[in-house]
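The values are calculated or read from the model by the stated rules, or taken from the named source; none is laboratory data. Because the structure is predicted, anything quoted here is derived from the model rather than measured. Because the Cβ atoms are built from the backbone with ideal geometry, glycine has one as well, and the counts that use them run over all protein chains shown.
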Amino acid sequence: MNISAKVDYGVRAMLVLASEQRADESAPRPVTADQVAESQGLPRKFLEAILRDLRRAGLVVSTRGSAGGYALARRAAEVTLGDIFRAVDGPLAEVRGLRPHETAYHEPATVLPTVWVSLRAAIRSVLDEVTLDALLEDRLPDHVRQLADIPDAWANR
């Protein structure tokens with residue numbers, strides 16, 4: 001699985017916004033793209049395009065003006081990594097532009113759709129269950145931590 005720069009930057013930007021929301025839940029102060037870019041060492045122009053994707057997906061709201069910027073559209077506990085992935089990169093798993101369940105093969109490859117669907121389910125079991133709030137609190141679901149604890153999980157293959 002390739003985690004694109006867009007996804008990486010999008011997640012980091014959302015964590016900055018979630019952190020601000022957490023600092024003042026009653027009325028979080030909008031954070032400018034410049035502030036997010038500077039705090040995470042991200043290219044501002046690229047980040048602005050990512051923030052537009054996140055806004056179109058309903059994950060952030062933007063405010064114009066001198067006190068403007070971006071803020072989460074929902075509570076950090078309601079935004080998953082899967083939401084961010086889909087907003088900036090599209091579906092979590094595709095095979096030649098098709099969703100895994102839309103694929104079909106001839107013998108001897110007829111079992112591949114089951115493998116592709118299983119792979120998508122495995123990705124979902126991590127990305128759709130890890131929220132921004134969980135990341136900020138270092139409170140990952142047990143099954144996610146267990147996957148990271150598999151002896152060769154951190155090894156390249």
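Structure above, values below:
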item	result
Candidates T103, T131 - the one that is touching a residue at least 12 places away in the same chain (Cβ under 8 Å) and touching an Asp or Glu at 6+ places or on another chain (Cβ under 8 Å)	T131
Test: residue in region 107-127 that is at pLDDT 95 or above, touching a strand residue (DSSP E or B) at 6+ places or on another chain (Cβ under 9 Å) and not hydroxyl-bearing (S, T, Y)	yes
Residues satisfying the stated conditions in region 22-75, i.e. in a loop (DSSP other than H, G, I, E, B) and either among the polar types (S, T, N, Q) or in contact with a strand residue (DSSP E or B) (Cβ under 6 Å, 6 or more places away or on another chain) (or both)	S26, P28, P30, T32, S66, A73
R124, sole failed condition from (1) touching a residue at least 12 places away in the same chain (Cβ under 8 Å); (2) out of contact with any Pro (no Cβ under 9 Å at 6 or more places or on another chain); (3) within 26 Å of A23 (Cβ to Cβ)	(3)
Number of positions in region 58-94 that are among the aliphatic types (A, V, I, L, M), in contact with an Asp or Glu (Cβ under 9 Å, 6 or more places away or on another chain) and crowded, with 16+ Cβ neighbours inside 10 Å	9
Residues of region 1-21 satisfying the condition of being in contact with a helix residue (DSSP H, G or I) (Cβ under 8 Å, 6 or more places away or on another chain) and not in a helix (DSSP H, G or I)	M1, S4
Helices (runs of 4 or more DSSP H) completely within region 102-157 that count 1 or more residues being within 16 Å of the chain's Cα centre (by Cα) and polar (S, T, N, Q)	112-127
Selection count where residues are acidic (D, E) and within 22 Å of D83 (Cα to Cα), scope region 24-68	3
Subset tally (residues that are assigned to a loop (DSSP other than H, G, I, E, B) and within 20 Å of the chain's Cα centre (by Cα)) for region 83-96	5
Residue count, region 1-29 (criterion: farther than 20 Å from E137 by Cβ, surrounded by fewer than 19 Cβ atoms within 10 Å (Cβ to Cβ) and not β-branched (V, I, T))	8
Unmet requirement for P43, which otherwise passes all of (1) in contact with a Ser or Thr (Cβ under 6 Å, 6 or more places away or on another chain); (2) surrounded by fewer than 17 Cβ atoms within 10 Å (Cβ to Cβ)	(1)
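Residue-by-condition table, conditions (1) free of Cβ contacts under 8 Å to residues at least 24 places away in the same chain; (2) under 19 Å from L17 (Cβ atoms); (3) among the acidic types (D, E):
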residue	(1), (2), (3)
G68	no, yes, no
A73	yes, yes, no
E78	no, yes, yes
R86	no, yes, no
A93	no, no, no
E107	yes, no, yes
V115	yes, no, no
L136	no, yes, no
D149	yes, no, yes
